[in-house]
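K.L.:
Handing you a structure now.
Derivation of every value follows stated rules applied to the coordinates shown; laboratory data play no part. It should be emphasised that the depicted structure is a prediction, and the values quoted were computed from it without experimental measurement. Every residue, glycine among them, receives a Cβ derived from its backbone with ideal geometry; neighbour counts consider all protein chains shown.
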Amino acid sequence: MLVLGCHIGDCHYMYGNHRTKKRMAILEKILGYLGIDPRRMRLEWISAAEGARFAEVVTEFTEEMRRLGPNPLKEVRA
């Protein structure tokens, strides 16, 4: 799961990114209890003007997911 948001202090939603940061920390713990590798979750702050950074983060995350392979909790269908 890749979550992208405005930089802290630079969001027209005012506090949305602050809440997201706190919620992501809680979610990371919950996923850990479920046996899901925390590398499957990433939070990044990227503005609309940072197209190159956006592409870099998406590429990095996609490569990481490929290295990790399929979700071990995903049901295997025969």
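K.L.:
Would you indicate which of [x] 12.9; [y] 13.6; [z] 14.1 is the value of Kirkwood radius over Cα pairs in Å derived from the coordinates of this structure?
P.N.:
[z]
K.L.:
Moving on. Calculate the spin-label point distance for Glu50 paired with Arg66, positioning each point 7 Å from the Cα along the beta-carbon direction, and give it in nanometres.
P.N.:
My value for the distance between the label points is 2.4 nm.
K.L.:
Oh, and also: Using a simple charge model, +1 on the beta-carbon of Lys and Arg, -1 on the beta-carbon of Asp and Glu, nothing else, what dipole does the chain show about its Cα centre, in debye to the nearest 20?
P.N.:
360 debye
K.L.:
Using alpha carbons only, how many degrees (0 to 90, rounded to 10) separate the axis of helix 51-68 from the longest principal axis of the chain?
P.N.:
In the chain, helix 51-68 runs at an angle near 20 degrees to the longest axis.
K.L.:
Right, here's the next one. Among Gly9, Ile36, Ile46, which residue has its Cα positioned farthest towards the positive end of the charge dipole of region 2-68, with +1 placed on the Cβ of Lys and Arg, -1 on the Cβ of Asp and Glu, and the dipole taken about the Cα centre?
P.N.:
Farthest towards the positive pole: Ile36.
K.L.:
If you line up the long axis of helix 16-33 against the longest principal axis of the chain, both from Cα atoms, how many degrees apart are they, to the nearest 10?
P.N.:
20 degrees
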